[in-house]
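Reading through the structure tokens given below for one structure.
The values are calculated or read from the model by the stated rules, or taken from the named source; none is laboratory data. For clarity, every value in this text was computed on a predicted model and none was experimentally measured. Neighbour counts run over all protein chains shown; Cβ positions are idealised from the backbone, glycine included.
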Amino acid sequence: MTTQANTKLTLALSKGRIFEETLPLLEAAGIVVTENPETSRKLILPTNDPQVNVIIVRASDVPTYVQYGAADFGVAGKDVLHEHGGEGLYQPIDLNIAKCRMSVAVSAGFDYENAVRQGARLRVATKYLLTAREHFAAKGVHVDLIKLYGSMELAPLVGLADAIVDLVSTGSTLRANNLVEVEHIMEISSRLVVNQAALKLKRERLQPILEAIQKASNQ
Ligand code: PRT
Ligand code: MG
């Protein structure tokens, strides 16, 4: 009989809200991360379980590490997973953390409804090209998409774009920059993703952790 007691597991997380909001769920599964990524320069963090490590990667890189099996499982936002496409990933659990929404926003003075009604060609700046393309194609709105890597809120203020597609949680960033939300595209939360091969080969080790996380995320 084989045993998986010595199976090593690697979990991919991003610093910031995902790391912080995942910690209590991990603790419910008996896993305590013993170094703080905000103060440590290590990219591989130990846990109380010598067989379990946490790797710290960019939020948008989490699906890639899990897809290729460099991490067995990870936590990523639906925004990031939608852009990645989900290839090689099993997505068993909505963790209900890092919640926000994907929206279209414009400068307060811009008449979005009218521009759409007139069939105007809109310039839209975003980090989320695929999501934005799908959204506007479904509405039949013609857009030129401009890829940005951050601070999307700036684009309408300096004439780079008519609109942005970005994440909104409290709305204070939009308000501070005199922008208004004109459409909700989708609700976002973070999901646990598991490498499909690891799910089969390391099932005995992974299953109880996934179950404990699932239970804690529903509370
Ligand atoms: O920051 P970095 O460029 O390294 O990467 P990242 O922005 O992808 O990572 P991070 O840690 O900021 O976000 C990780 C995940 O958290 C995202 O993929 C989302 O699924 C989720 N999340 C939840 C958010 C927000 N809420 C959020 N408010 N991600 C980003 N924001 C940003 C948003 O882009 C906007 O600039 O916060 C600003 C708006 O916030 P409010 O509260 O002012 O509305
Ligand atoms: Mg960010």
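Data table
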| quantity | calculated |
| --- | --- |
| The lone exception for Val104 - which of (1) over 17 Å from the mean Cα position of the chain (by Cα); (2) touching a residue at least 60 places away in the same chain (Cβ under 8 Å); (3) surrounded by fewer than 20 Cβ atoms within 10 Å (Cβ to Cβ) it fails | (3) |
| Looking only at region 153-170, and only at residues there that are under 23 Å from the mean Cα position of the chain (by Cα) and without any contact (Cβ under 8 Å) to a residue 24 or more places away in the chain, the one that is surrounded by the most Cβ atoms within 10 Å (Cβ to Cβ) | Leu154 |
| Check on Glu83, in the same structural domain as Glu38 (by TED's automatic domain parsing), over 30 Å from Val32 (Cα atoms) and not in a strand (DSSP E or B) | yes |
| Residue in region 180-190 that is under 30 Å from Asn6 (Cα atoms) and crowded, with 18+ Cβ neighbours inside 10 Å present | yes |
| Test result for Leu130, under 24 Å from the mean Cα position of the chain (by Cα), surrounded by fewer than 18 Cβ atoms within 10 Å (Cβ to Cβ) and in contact (Cβ under 8 Å) with a residue 24 or more places away in the chain | yes |
| Thr173, sole failed condition from (1) at pLDDT 95 or above; (2) surrounded by fewer than 19 Cβ atoms within 10 Å (Cβ to Cβ); (3) not in a helix (DSSP H, G or I) | (3) |
| Residue check, Gly150 within 19 Å of the chain's Cα centre (by Cα) and closer than 15 Å to Thr126 by Cα | yes |
| Selection from region 15-35 of residues that are assigned to a loop (DSSP other than H, G, I, E, B), touching a helix residue (DSSP H, G or I) at 6+ places or on another chain (Cβ under 8 Å) and among the β-branched types (Val, Ile, Thr) | Ile31, Val32 |
| Considering residues of region 146-166 that are acidic (Asp, Glu) and not in a strand (DSSP E or B) only, the residue farthest from ligand 2 (Cβ to nearest atom) | Asp162 |
| Region 68-87, residues that are surrounded by 24 or more Cβ atoms within 10 Å (Cβ to Cβ) and at positive phi | none |
| Selection count where residues are in contact with a Gly (Cβ under 7 Å, 6 or more places away or on another chain), within 15 Å of ligand 1 (Cβ to nearest atom) and not hydroxyl-bearing (Ser, Thr, Tyr), scope region 64-90 | 1 |
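Listed here are the residues, each with its yes/no results for (1) assigned by TED's automatic domain parsing to the domain that holds Thr64; (2) of a type in the set (D, E, K, R); (3) part of a strand (DSSP E or B).
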site: Asp144; (1), (2), (3): no, yes, yes
site: Glu181; (1), (2), (3): no, yes, yes
site: Val194; (1), (2), (3): yes, no, yes
site: Ala197; (1), (2), (3): yes, no, no
site: Pro208; (1), (2), (3): yes, no, no
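Residue-by-condition table, conditions (1) within 15 Å of ligand 2 (Cβ to nearest atom); (2) assigned to a strand (DSSP E or B); (3) over 12 Å from the mean Cα position of the chain (by Cα); (4) not small (Gly, Ala, Ser):
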| position | (1), (2), (3), (4) |
| --- | --- |
| Pro37 | yes, no, yes, yes |
| Arg41 | no, no, yes, yes |
| Leu45 | no, yes, yes, yes |
| Asp49 | no, no, yes, yes |
| Ala71 | no, no, yes, no |
| Asp79 | yes, no, no, yes |
| Asp94 | no, yes, no, yes |
| Ala115 | no, no, yes, no |
